[in-house]
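Reviewing the structure listed below.
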Amino acid sequence: MFEITKKNKKTNKRIGLIKTKSGGIKTPVFIPIATKGAVKNLIPEELFELGADLILGNTYHLWLRPDIEVIRKAGGLHQFMNWSLPILTDSGGYQIFSLGPKLHRGLTARKNEREKSSVKITDKGVVFSDPFDGRKRFMSPEKSIEIQLELSSDIIMVLDECPPYPCTRKQAERAVRHTTLWARKCKEYFDKNQKSRKNQSTGWRTKSKNIKRPLLFGIIQGSVYKDLREQSAKEILEIGFDGYAIGGVAVGEPRNYLPKVLKWVLPFLPENKPRYLMGLGRPEEIVRAVNDGIDMFDCVIPTREARHGRLYIWSGNKNLTNKRFYKIIQITNAKFVRNFKPVDLNCGCYTCRNFSRAYLSHLFKTQEPLALRLATIHNLKFYLDLMVKLREFF
């Protein structure tokens, strides 16, 4: 289900193809975030035209609203949001843990804050309060997989405990223990479910002759502790998954920890499986990680920055290993009020082909919703074009 088509002899960079039941995914790949079943401000057709191969849906949010029963009756998430290409769904773990008090997130907190925590973590899973109506919910490893199967996801993530930064060694140890325990339960539930479906007369219907089931990815935790990262990698690999993700690298830790974590973990990851760096990142971080051997990335940066008028443009420097290959402009700055050039002369997106910097500046300053749409189109095009460049320039 994963084929490496080219590899750089000087670095660990590789070009590949992930095969899923909804089609192929060219790697390295950037995954736009469709948290609640939509990439903010865009329609699926625009995502397709921008070159997106894969999008990410959020298990936690889709479970709470609109409810899995609604999506099941729609025929799955693909039909519900009118997206025919592959979908990756996260486990919902990070969103649940982020509901806890400051102490749970590794920061200083008062004792009564701990007592008011809406999150209770056990070996069996996580109990939390629904932020909409306050009723208790329980997310177990099995429940997370069940929900993602109902969503008809192409790439399913196991439930993990994502420790924040900073966190104590004891907290990181607990996160590793839960992550391994839950990963094993996820795999057992997933395998049992697939065996049951395979035995059904209807079977799986798919466009692919080879991939007839979702792919299941394990997640490696361990925070900034080298031995815990190595322990987690060994334990997750022993269970065995279709791909491997490195989690807990975008939760507040200093950016200089990223290359360290990759150096610790990557030697343990098999060559013939996709490698996914969760929640990263800045363009230069993606380039560095691709050269280290990472295949998959997701991040809110391009869409979030777009909503604040921060636009990514090419600098003309073709050397992607040099951070100066791009720059960021704040379109609401006064110098753009009468600037009638495209946002980026080196970009062929709809925004740059049709509108000027002055027009976008006007839209943002007058709070016209169109500003968010045009800026999002441009920033996602930049990120997706970056992946094309990384695949082409070897």
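The values are calculated or read from the model by the stated rules, or taken from the named source; none is laboratory data. Everything numeric in this text was worked out from a predicted model, so none of it was measured. Here the Cβ positions follow ideal geometry from the backbone for every residue, glycine too, while neighbour counts run over all protein chains shown.
Quick check on Arg169: is it assigned by TED's automatic domain parsing to the domain that holds Pro274 and among the basic types (Lys, Arg)? Before the answer, list the steps.
Numbers: assigned by TED's automatic domain parsing to the domain that holds Pro274: yes; among the basic types (Lys, Arg): yes.
Judged against the criteria, Arg169 is a match.
Could you figure out which of (1) more than 30 Å from Pro163 (Cβ to Cβ); (2) free of Cβ contacts under 8 Å to residues at least 60 places away in the same chain isn't true of Arg288?
That leaves (1) as the condition not met.
Out of region 256-302, which residues are within 18 Å of the chain's Cα centre (by Cα) and assigned to a loop (DSSP other than H, G, I, E, B)? So that I can check it myself, show each step before the final result.
Start the filter on region 256-302 by keeping residues that are within 18 Å of the chain's Cα centre (by Cα), which leaves 258, 261-262, 273-290, 293-302.
Result: Lys273, Pro274, Met278, Gly279, Leu280, Gly281, Arg282, Gly293, Ile294, Asp295, Cys299, Val300.
Tell me whether region 377-392 contains one or more residues that are outside any loop (DSSP other than H, G, I, E, B), at pLDDT 95 or above, over 29 Å from the mean Cα position of the chain (by Cα) and more than 30 Å from Lys10 (Cα to Cα).
Within region 377-392, none of the residues are outside any loop (DSSP other than H, G, I, E, B), at pLDDT 95 or above, over 29 Å from the mean Cα position of the chain (by Cα) and more than 30 Å from Lys10 (Cα to Cα).
Let me confirm something: among Ala334, Ala358, Ala306, which residue is surrounded by 16 or more Cβ atoms within 10 Å (Cβ to Cβ), modelled with pLDDT of 95 or more and not basic (Lys, Arg)?
Ala306
Looking for something assigned by TED's automatic domain parsing to the domain that holds Gly248, in a helix (DSSP H, G or I) and charged (D, E, K, R) - is there at least one such residue anywhere in region 63-71? Show your work before the answer.
From region 63-71, those assigned by TED's automatic domain parsing to the domain that holds Gly248 are 63-71; that's our starting set.
If we keep only those that are in a helix (DSSP H, G or I) as well, we get 63-64, 68-71.
Retained after the next criterion (residues that are charged (D, E, K, R)): 69.
Looking through region 63-71, at least one residue is assigned by TED's automatic domain parsing to the domain that holds Gly248, in a helix (DSSP H, G or I) and charged (D, E, K, R).
Over 28 Å from Leu372 (Cβ atoms), surrounded by 17 or more Cβ atoms within 10 Å (Cβ to Cβ) and not assigned by TED's automatic domain parsing to the domain that holds His378, is that true of Lys21?
Values: over 28 Å from Leu372 (Cβ atoms): yes; surrounded by 17 or more Cβ atoms within 10 Å (Cβ to Cβ): yes; not assigned by TED's automatic domain parsing to the domain that holds His378: yes.
Yes.
For region 329-376, which residues satisfy the criterion of being in contact with a Leu (Cβ under 7 Å, 6 or more places away or on another chain) and among the aliphatic types (A, V, I, L, M)?
Ile329, Ile331, Val343, Leu360, Leu363, Leu370, Ala371, Leu374, Ala375, listed by residue number.
For region 130-173, give me each residue that is touching an Asp or Glu at 6+ places or on another chain (Cβ under 7 Å) and either surrounded by 24 or more Cβ atoms within 10 Å (Cβ to Cβ) or without any contact (Cβ under 8 Å) to a residue 40 or more places away in the chain (or both).
Listed by number, the list holds a single entry, Met157.
Which of the numbered conditions does Arg213 fail, given that it passes all the others? Conditions: (1) at pLDDT below 85; (2) not in a helix (DSSP H, G or I).
For Arg213, the failing item is (1).
Output the residues belonging to region 70-98 that are of a type outside the set (S, T, N, Q), within 22 Å of Ser129 (Cβ to Cβ) and surrounded by 14 or more Cβ atoms within 10 Å (Cβ to Cβ).
Filtering region 70-98 for residues of a type outside the set (S, T, N, Q) gives 70-78, 80-81, 83, 85-88, 90, 92-94, 96-97.
Adding the requirement that they be within 22 Å of Ser129 (Cβ to Cβ) leaves 70, 90, 92-94, 96-97.
Correct list: Asp90, Gly92, Gly93, Tyr94, Ile96, Phe97.
Give me the pairs: first residue in region 34-50 and farther than 17 Å from Ala306 by Cβ, second residue crowded, with 16+ Cβ neighbours inside 10 Å and among the polar types (S, T, N, Q), beta-carbon distance under 9 Å, and six or more apart or on different chains, which are they?
From residues that are farther than 17 Å from Ala306 by Cβ, the pairs are Lys36/Asn58; Gly37/Asn58.
What are the pairs, 6+ residues apart or on separate chains, where a residue within region 264-283 that is surrounded by 17 or more Cβ atoms within 10 Å (Cβ to Cβ) has its Cβ under 9 Å from a residue that is polar (S, T, N, Q) and not in a strand (DSSP E or B)?
Final answer for the pair search is Val265/Ser232; Leu266/Asn12.
Within region 332-339, identify whether any single residue is of a type outside the set (Val, Ile, Thr), in contact (Cβ under 8 Å) with a residue 12 or more places away in the chain and within 25 Å of Ile43 (Cα to Cα), and answer yes or no.
No, region 332-339 contains no residue that is of a type outside the set (Val, Ile, Thr), in contact (Cβ under 8 Å) with a residue 12 or more places away in the chain and within 25 Å of Ile43 (Cα to Cα).
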